[in-house]
Amino acid sequence: MESPTATATLRYSHIETAILAVESALAFSAYLGAIGLLTAIDGSNLGMTTEILRGTPFHDFLVPGVLLLFANGVLPTIVVVAALWRVPWASWGHLVVGCTLMGWIACQIALVGYLSPLQPIYFAIGATIAVLALLLQPPKVPADLKQS
C-alpha cells in the first residue's frame, strides 16, 4: 500500500497557475533580453544603439543588462520556485515581482522615453501579477518580520 504522501498531488488554484505561468514567461523573456544586452553591450544584438542611453547614467548596456537579469529574471525565478515549494513568503514575492516590473518600466520610460509598444504591455503584465498576488490571498507578514 502506498503512503498518502506518495499519491497526493499538489494542487494549484487557477490564480496560482496563472501567476506562476506569467512570472515564468517574464523570467524567460528577461533572460533572453539580458543575454542580448550582455553579449553585445552596445545594444546591437537587440537592434538598439547606445544613443538611446544619452542623458542617462549609462554609457552602454552592461549595467541595464545586469539589472534586467536580476530584477526581471532571477527575482521572478526565485519567487516561482518558492511558490512551488509553498514557502510562506511567496505571496509577498509575487507582489514584489509585479511592482518591480511596473517600476522597471516606469524608470525606463523616465530615462529613455517611450520606445516600444512593449513598454505598456510589460507594465500591464506587472499590474496583472500584482493584482493576481493580491487575489491569491492578502499577503501575510512572516512571523520573523512582525514587530513586537
*Considering every residue within region 36-47, establish whether at least one is part of a helix (DSSP H, G or I), of a type in the set (Asp, Glu), farther than 23 Å from LEU135 by Cβ and over 19 Å from the mean Cα position of the chain (by Cα).*
no
*Give the number of residues within region 121-143 that are closer than 16 Å to ASN72 by Cβ and in contact with a helix residue (DSSP H, G or I) (Cβ under 8 Å, 6 or more places away or on another chain).*
9
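If you check PRO57 against the conditions, is it exposed (fewer than 14 other Cβ atoms within 10 Å of the Cβ) and either outside any helix (DSSP H, G or I) or at positive phi (or both)? Reasoning before the result, please.
Working: exposed (fewer than 14 other Cβ atoms within 10 Å of the Cβ): yes; either outside any helix (DSSP H, G or I) or at positive phi (or both): yes.
Judged against the criteria, PRO57 is a match.
How many residues are assigned to a helix (DSSP H, G or I) and surrounded by fewer than 18 Cβ atoms within 10 Å (Cβ to Cβ) when one looks only at region 113-138? Before the answer, list the steps.
Step one: list which residues in region 113-138 are assigned to a helix (DSSP H, G or I), which gives 118-136.
Subsequent filtering for residues that are surrounded by fewer than 18 Cβ atoms within 10 Å (Cβ to Cβ) retains 118-121, 124, 127-128, 131, 134-135.
Summing the residues that are assigned to a helix (DSSP H, G or I) and surrounded by fewer than 18 Cβ atoms within 10 Å (Cβ to Cβ) in region 113-138 gives 10.
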*Among the residues of region 67-77, is there at least one that is polar (S, T, N, Q) and surrounded by fewer than 18 Cβ atoms within 10 Å (Cβ to Cβ)?*
no
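Laboratory data are not the source of any read-out in this text; all were calculated from the coordinates shown. These figures come from a predicted structure and were not determined experimentally. Glycine also receives a Cβ, built like all others from the backbone with ideal geometry; neighbour counts cover every protein chain displayed.
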